[in-house]
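The structure appears below as structure tokens.
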Amino acid sequence: MRSFLCLALLVVVPLGVSCTGGTGGTGGNGGNGGNGGNGDETPVEPDCGNGMLEEGEVCEGMPTPMGCNPNTCQVQQGWVCSPEPPSIDGETGDAFEPIPFESTCDQLDTCGDGEVDPGEDCDDGDSTVGDGCSNCTVDPLWTCMNEPGMASDCRQCGDGFLDAPFEECDDGEESNVTGMDTPGCEACMVQAGWTCFQGVENYSLCAPLCGDGMWFDSSVGGVNLGSAEGCDDGNLIPGDGCSGTCDVEPGCECSGPVEGMSTCMCGMGTDDTGGDSSGSSDSGGSTSTG
């Protein structure tokens with residue numbers, strides 16, 4: 001029947017028309033494959049202080065111990081932390097896997113390195129005891145000057161050598177040569193009521209300070225007859241009963257407490273008529289005895 005229809009169509013269909021079967025439709029395109037990973041992605045920063053040792057960290061803890069920088073998990077200067085982090089095998093190419101990690105950190109002993117660190121009074125760059133700075137602590141009767149980045153410069157008080165600006169005086173009380181112990185110079189500082197000056201040798205000599213209103217007579221320890229004051233009315237004005245050298249002036253009397261201000265009276269005595277003259281007094285605004 002089909003053959004008959006085709007023959008019939010050949011009669012009425014224009015030349016060039018095919019009587020064969022139709023062509024099937026074109027199949028759809030396949031889906032595109034996924035993109036590969038980007039090899040230049042920025043690595044994730046380690047989370048410091050979570051107790052997990054991650055790549056780039058050398059110490060850890062939750063929280064981080066003192067000596068381990070809490071922001072970077074790196075050991076801070078002047079500290080040492082243990083245990084050491086495990087080494088990373090770079091040959092495998094595998095990513096470092098975080099591991100539980102707890103560091104213990106100890107501060108290094110920096111005493112003796114020649115730099116004054118926190119907690120140190122001094123640091124003279126050695127471990128010698130008795131040289132003014134022992135175990136980074138200033139020895140008794142010593143003074144130390146600290147300059148940034150430099151070893152401490154320490155001087156001994158009482159060796160008979162005046163070390164300015166560390167000392168105001170040095171009477172050599174610790175020296176086997178002089179063996180002096182002047183009350184006017186204590187711990188190499190000039191005491192109130194005294195003045196100190198350089199002696200024939202290197203050590204300091206001290207004497208009562210005239211005119212300060214503190215009368216030191218020979219009853220005061222360390223005051224000899226040559227340096228004792230006859231009075232001290234708190235000034236150096238002559239003619240008021242107590243001279244500018246702290247001697248009682250003729251015709252005057254001075255009194256007052258030891259180590260206090262003197263009060264002087266002048267012109268006391270009997271006049272030509274046998275009466276008493278009242279005289280004049282001067283306290284000088286100081287306390288003293290004489």
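If the segment from Asn224 to Met62 were pulled out straight at 0.36 nm per residue, it would be longer than the present Cα-Cα gap by 51.2 nm. By the Kirkwood approach, averaging reciprocal distances over each pair of separate Cα atoms, the range 186-230 gets a hydrodynamic radius of 11.1 Å. Taking the charge dipole of the range 45-139 about its Cα centre, with +1 at Lys and Arg Cβ atoms and -1 at Asp and Glu Cβ atoms, the residue from Val138, Gly112, Cys73 reaching farthest to the positive side is Cys73. Taking 0.36 nm per residue of separation and subtracting the Cα-Cα distance, full extension of the segment from Leu108 to Glu201 would add 28.9 nm. In this calculation the C-beta distance from Leu236 to Val80 is compared with R0 = 45 Å, giving a FRET efficiency of 0.10. With each label modelled as a point 7 angstrom along the Cα→C-beta vector, the Asp131-Ala192 pair spans 4.0 nm.
Ranked by the mean number of other Cβ atoms within 10 Å per residue, highest first, peptides 248-260, 222-234 order as 222-234, 248-260. Shown is the FRET efficiency for Ile99 and Asp153, computed with R0 = 45 Å from the Cβ-Cβ distance and rounded to the nearest 0.05: 0.35. Between Leu141 and Glu115, the contour length at 0.36 nm per residue exceeds the Cα-Cα span by 7.2 nm. Ordered from highest to lowest accessible area with the whole protein assembly present and a 1.4 Å probe, Phe101, Phe216 read as Phe101, Phe216.
The values are calculated or read from the model by the stated rules, or taken from the named source; none is laboratory data. Computed from a predicted structure; not experimentally measured. Here Cβ is always computed from backbone atoms with ideal geometry, including for glycine, and neighbour counts include all displayed protein chains. Remember, those area values only see protein heavy atoms, side chains included, never the ligands or the DNA or RNA. Shrake-Rupley method; radii C 1.70, N 1.55, O 1.52, S 1.80 Å.
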